[in-house]
1. Below 8 Å, C-alpha to C-alpha, sequence gap of six or more: please give me the relative contact order for the range A:1-111 in percent.
2. Whole angstrom only: what separates the Cα centroid of the range A:405-468 from the Cα centroid of the range A:191-209?
3. Which net charge results when you count Lys and Arg as +1 and Asp and Glu as -1 among the other residues whose beta-carbon is under 15 Å from that of A:E109?
4. What is the calculated FRET efficiency for A:Q76 to A:K235, with r their C-beta to C-beta distance and R₀ = 41 Å, to the nearest 0.05?
5. For chain A, what class follows from the C-alpha gyration tensor (a ≥ b ≥ c being the square roots of its eigenvalues): rounded when a/c is under 1.5, otherwise prolate if a/b is larger than b/c, else oblate?
6. Count the DSSP beta bridges whose two residues both fall in chain A, then state the antiparallel fraction as a percent rounded to the nearest 5.
7. On each of the three principal axes of the Cα atoms of the range A:146-264, give max minus min coordinate, whole Å, ordered largest first.
8. So what's the gap between the Cα centers of the range A:278-354 and the range A:358-384, to the nearest angstrom?
Amino acid sequence: MKITRFAPSPTGYLHIGGLRTALFSWLAARHSDGKFFLRIEDTDLSRNSQEALEAIIKAFDWVGLDYDGEVFYQSQRFDIYKKYIEQLLDEGKAYRCYMSREELDTLREEQMARKERTRYDGRYRDFDGTPPSGVEPVIRIKAPLDGDIVFDDGIKGEISISAEEVDDLVIARSDGTPTYNFVVAIDDALMGLSDVIRGDDHLYNTPKQIVVYEALGFTIPNFYHVAMINNEQGKKLSKRDGATDVMEYQKLGFLPEALLNFLVRLGWSHGDQEIFSIDEMIELFDPKDINKSASSYNLDKLLWLNAHYIKNMPNEKLAKMLKDYGVEIDGHDRMEMLLDATKERGKTLVELAEQIELIVNAPKEYDAKAAKKAFKGESDSILARFATLLTDWDSELHLPADYHKVLESFVETEEIGFGKIAQPLRVSLLGSMTGSGMDEIMAILGRDETIDRIKNAVDFISANKAEG
RNA sequence: GGCCCCAUCGUCUAGCGGUUAGGAUACAUGGUUUUCAUCCAUGGUACCGGAGUUCGAGUCUCCGUGGGGUCACCA
């Protein structure tokens with residue numbers, strides 16, 4: 001049973017890369033019938049924003065990731081951290097450092113001038129003299145002075161970092177508030193996490209946190225450091241690369257299941273399988289199978305997945321989702337026919353909405369090229385006769401198949417090829433040369449609207465003939 | 001710069017010492033569709049370089065190259 005968490009800081013929207021680590025953590029928990037927690041890292045009071053927090057929760061909600069229990073807020077747990085700071089101070093595992101920011105800056109500059117690695121020199125580590133006045137101390141934890149800090153990363157294998165690389169890190173600021181690496185270690189331990197799955201950028205935090213774990217005698221969890229997602233050029237993903245905010249994907253007409261399917265395949269695979277339902281992901285996911293190397297974001301693949309999920313989604317559900325994109329469809333049969341006729345023609349819900357608008361709204365103008373090609377020769381009289389046939393048709397006209405019979409009968413009595421009527425008809429009804437099948441469109445429009453649109457086209461052709 | 005990590009078609013990836021290096025996407029061509037899309041078929045394209053180890057290396061080791069991460073009283 002795995003207990004995992006996602007721990008964003010409320011400083012901005014939920015990033016697409018963040019969503020992937022959240023998904024991995026969530027899957028690991030759900031796969032093992034464990035727990036998945038959401039924890040907000042808001043120890044830096046000056047950087048938090050309520051909007052960011054709400055945006056993150058909203059994104060979770062949209063993609064359908066749930067979390068166990070209530071959301072944890074580190075800002076509400078300061079008492080807990082304080083207790084541990086005092087404990088470490090009492091045990092001599094942490095100490096007050098009276099070095100001012102200015103002194104620290106000076107030290108760093110000197111070190112840089114000497115081309116040394118910048119680091120704290122430990123000057124207050126064993127200090128027992130009289131502290132300088134007027135300086136509010138920070139509290140530092142004693143990190144090991146020699147040896148290596150070693151841990152087994154579930155993805156990358158054994159990671160060994162020399163103790164010399166790890167400073168006596170500040171666990172409490174001079175204003176008394178605790179710092180990131182300290183509270184993360186405490187909360188991860190207190191929340192009983194078995195597995196910490198996080199971005200690669202946290203790899204170097206791990207030894208620091210291990211120092212805290214060991215000082216406090218906590219059990220160290222399994223760590224998994226997931227490589228980053230790069231842009232299509234293989235560089236770091238930035239806002240310039242288009243959508244990085246999860247909620248932008250909703251605006252762009254992506255389905256949560258497509259986005260999740262896309263993300264789960266970035267750095268993880270199960271043989272040759274490409275399509276994964278949420279249930280399949282849960283069933284098959286194991287963090288041990290996550291790849292070591294970084295992967296690149298590829299919009300084409302996401303678009304393909306999205307198209308796949310749109311095509312295979314029940315019409316009823318699709319219709320419901322389309323309301324957010326300004327599409328309201330009246331009547332059950334009409335909705336079914338409309339979506340059957342269009343859902344294979346849109347890669348996103350936005351495109352699908354456009355396809356629907358194209359049918360629902362009578363053409364305001366005819367595409368010039370299409371009109372030139374289709375509205376020539378005898379097209380006006382052919383269309384007129386077809387309208388007459390529709391008007392006089394005395395069996396039921398409801399389903400596409402009904403209209404197909406009309407079309408067939410027309411072609412037969414007129415002794416013309418299918419294209420002779422289909423192309424002018426298409427342009428009459430849609431204004432363009434491409435789109436769904438004629439049978440479907442006529443069924444959606446109904447007899448009256450179909451005849452109206454044909455008559456408009458006939459008028460248009462006649463007017464043009466008179467002019468030309 | 002120090003430290004750490006990574007490296008198979010353009011992209012996502014399979015591979016886990018012996019394969020004609022597989023799949024997906026994208027692309028091209030053909031078929032189906034009156035059109036478009038869908039769908040189906042076919043095709044081209046990859047093991048970063050160099051040394052080892054081995055009868056045999058995409059797979060193991062080392063070096064190089066390239067890319068990434070990180071070096072805060074941010075998270």
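1. Details: 118 pairs, mean separation 30.4, N = 111.
Reported relative contact order: 27 percent.
2. Between the Cα centres of the range A:405-468 and the range A:191-209 lies a distance of 65 Å.
3. Values: positive: A:R101, A:R108, A:R114, A:K115, A:R117, A:R119; negative: A:E102, A:E103, A:D105, A:E110, A:E116, A:D121.
The answer is 0.
4. On the way: r = 38 Å, r/R0 = 0.94.
Computed FRET efficiency for A:Q76 and A:K235 comes out at 0.60.
5. Details: a/c = 3.60, a/b = 3.11, b/c = 1.16.
Verdict is prolate for chain A.
6. On the way: 15 of 29 bridges.
Here the antiparallel bridges make up roughly 50 percent for chain A.
7. 51, 36, 28
8. That distance is 32 Å.
Bear in mind these aren't lab numbers, they're just calculated from the coordinates by the rules spelled out. The structure presented is a predicted model; accordingly, all values stated were derived computationally and were not measured. Every residue, glycine among them, receives a Cβ derived from its backbone with ideal geometry; neighbour counts consider all protein chains shown.
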